[in-house]
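Below: one structure, written as structure tokens.
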Amino acid sequence: MYRRLTQIVALLLAVIAFGTAGYAFIERFSVFDSLYLTIITVASVGFGEIPRDLSTAGRAFTMVLIVFGLGSMAYGLSAVTAFWVEGDIRNIWEKRKMDAQIAKLRDHIVLCGGGHTGRSIAAELLKTRTPFVVIEHSPAEEDALRKIGESVLYIIGDATTTDVLKHAQVAHARGLIACMPEDKDNVFTLLSAREMNPSMRIVTRIVSDESRPALTRAGADAIVSISTIGALRLASVMLRPTVVSVLDAMLREPGDVRVEEIPVGAGVAGQPLASLKLAERIGVSVFAVRQASGAHRFNPPAEYRLTPGDVLIACANPEQLRAARKVAMEG
């Protein structure tokens, strides 16, 4: 639009300059009188105030100037109108297309809150190719959401309302992240979402520790305090900077390798960890196990016996993760 408007303005200025120079040369008018006569000619408002009658050459020049002036004005108006209409139609089409994509979502993440924290979460979900939809209340954040990626799906609406959650397909989601700036909004959203989908995992941020009981009662599976995480991060950077730099490289550098969870199924129950051959077959090395009992075992030995409910922890990209989960479930 900026380029098109620049072209229109340049064309109009060229016509005005042409007319001013023409009247000054043909009729020997002053520069101001020539400019004035050009403006009223291009604007088609008449010739009531001209220094004197025009000569035949001046009249011929005026006819040419009228044609060029009206043509330029018509082009400018049509270009701006077309851009406006095309923009509105395109926005309507994109919205309907996005709504259709949202309606097809299954086993996805619903992200409530598209502010700075929400956009950072959305960027990570996008990198790991996790299907998700963002719900943001403020239309002012729409441009920022678009900048995350062309494939980002979002809804401008109030996440505390049932209709908006239904639009986001909460009933078919596998998880919900509530990161709105007010605890009360997160509480209301969790209450509605938990009622619509009792089995999905819900993670929420907390602003005030006083809200923790309310968020727990509302159905939160995990509660994250941004201030506490920030404090732990500061301490970790001081005490173990190399470890932190490795984790930062995993999250910030190009690529989609992440520390992932690989659930163990009944198909491999009782087998040793080595029998899966995850490193040889898929290139995934397990460095920890969360046992079915809830205990954690780091650097598990090759002879560790797998139990349904165990979760293997390893670094993997999305393709490796899908293959590893299939092996851990079926053998």
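Laboratory data are not the source of any read-out in this text; all were calculated from the coordinates shown. In this text the structure is predicted, and so the values were computed from the model without any measurement. Neighbour counts are summed over all protein chains in view; Cβ atoms, including those assigned to glycine, are modelled from backbone coordinates with ideal geometry.
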Cα-based helix-to-principal-axis angle, 183-196 vs the chain, degrees rounded to 10: 70
Convex hull projection area averaged over all views, the range 105-230, Cα basis, nm²: 7.0
Cut-off 15 Å, label 7 Å out along Cα→Cβ of Met329, residues of the range 252-292 by amide N: 261-269
C-alpha long axis of helix 31-42 to longest principal axis of the chain, angle in °: 70
Unit charges at the beta carbon, dipole of the chain: most positive-side option, Met98, Ile262, Thr161: Ile262
Relative pair counts by distance (%), Cα atoms of the range 203-262, 10 Å bins: 19, 33, 34, 15
Dipole moment magnitude, nearest 20 debye, the range 257-330 about Cα centre, only Lys, Arg, Asp, Glu C-beta charged: 40
Calculated Rg and Dmax of the chain using C-alpha coordinates, Å: 32.6, 107
Dmax and Rg, reported as Rg then Dmax, of the range 257-331 (C-alpha, Å): 10.8, 29
Sites Ser293 and Ser236, calculated FRET efficiency, Cβ-Cβ separation with R0 30 Å, nearest 0.05: 0.60
By average C-beta atoms within 10 angstrom, highest first, the peptides 316-329, 182-195: 182-195, 316-329
Residues of type lysines that Lys104 reaches as a straight line, Cα spacing below 18 Å, ignoring anything fewer than 8 places off in the same chain: Lys95, Lys166
Charge context of Ala220, other residues only, Cβ under 12 angstrom, K/R +1, D/E -1: +3
Highest to lowest packing among 132-143, 226-237, scored as the average C-beta count within 10 Å: 132-143, 226-237
Zone of Thr130's modelled label, taken as backbone nitrogen in the range 204-223 under 12 Å from a point 7 Å along Cα→Cβ: 204
Cα-centre dipole for the chain with unit charges at Cβ (Lys and Arg positive, Asp and Glu negative), debye to 20: 860
Mean separation of Cα contacts under 8 Å, 6 or more apart, over the residue count of the range 241-331: relative contact order %: 41
Mean Cα-pair separation over length for the chain, i.e. relative contact order, pairs under 8 Å, 6 or more apart, %: 11
Ordering of 305-315, 7-17, 103-113 by packing [mean C-beta count within 10 Å, highest first]: 103-113, 305-315, 7-17
Local electrostatic count, Ala159, Cβ distance below 9 Å [Lys/Arg +1, Asp/Glu -1]: -3
Cα centroid separation - the range 197-213 against the range 236-296, whole Å: 26
